[in-house]
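Here the structure is laid out as structure tokens; the discussion comes afterwards.
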Amino acid sequence: MEFTKNFENNKKWVANKLSLDPQYFENLSRGQNPELLYIGCSDSRVTAEELMGVQPDEVFVHRNIANMVISIDLNDLDILNPWLRNIRDVYRLHKKELDNFKDENARYNRLIELNVQEAHKERGLLVYGWVFDVHSGELIDLKIDFPKILSEIMEIYRII
């Protein structure tokens, strides 16, 4: 599947945002603290921000099928720790490498890359390693060669 259009669109989007506000991504990267939570349908035709006319960081958005709030919703706080356990496991498995990073942002970015790799390896997902850099607005293709990485890992477990 070819995704060059996505990256071309991203470059246009970044240029447009910067033409309207040169500090757009600098401000966006400072964090978030919205006072509003929007729970809506996963409909792909319109984003929640568009239909409310709000900017990023003005609202938290949770979308699901039929915009329901139900007791077994996997985004409830009591299920957050098991959800984050996968990321903690990735950190644990790569702790030595990650702890060598002095720059916290570089460590965080590498953890994101490793998490994408683990998702592909463990669950056999068709994964493209893309990262949204909130500081620049760019959609970055990590160009991870999953078949190569997996063949190297599986070689360790191959029994003759």
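The values are calculated or read from the model by the stated rules, or taken from the named source; none is laboratory data. Values in this document were obtained by computation on a predicted structure and should not be read as measured data. Note that each Cβ is placed from the backbone with ideal geometry, even for glycine, and that neighbours are counted across all protein chains shown. Areas reflect the complete protein model, heavy atoms only, side chains present, ligands, DNA and RNA absent. Shrake-Rupley method; radii C 1.70, N 1.55, O 1.52, S 1.80 Å.
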Quick one: would you say residue 6 is touching a strand residue (DSSP E or B) at 6+ places or on another chain (Cβ under 7 Å) and either open to solvent by 100 Å² or more (accessible area, probe 1.4 Å) or over 22 Å from residue 60 (Cβ atoms) (or both)? yes
Take residue 93 and decide whether it is exposed (fewer than 14 other Cβ atoms within 10 Å of the Cβ), at pLDDT 80 or above and touching a Leu at 6+ places or on another chain (Cβ under 9 Å). yes
Pick from segment 9-54, criterion assigned to a helix (DSSP H, G or I) and of a type in the set (Gly, Ala, Ser), ranking: surrounded by the fewest Cβ atoms within 10 Å (Cβ to Cβ): 19
Any residue at all in segment 38-56 that is at pLDDT 90 or above, within 23 Å of residue 138 (Cα to Cα) and hydroxyl-bearing (Ser, Thr, Tyr)? no
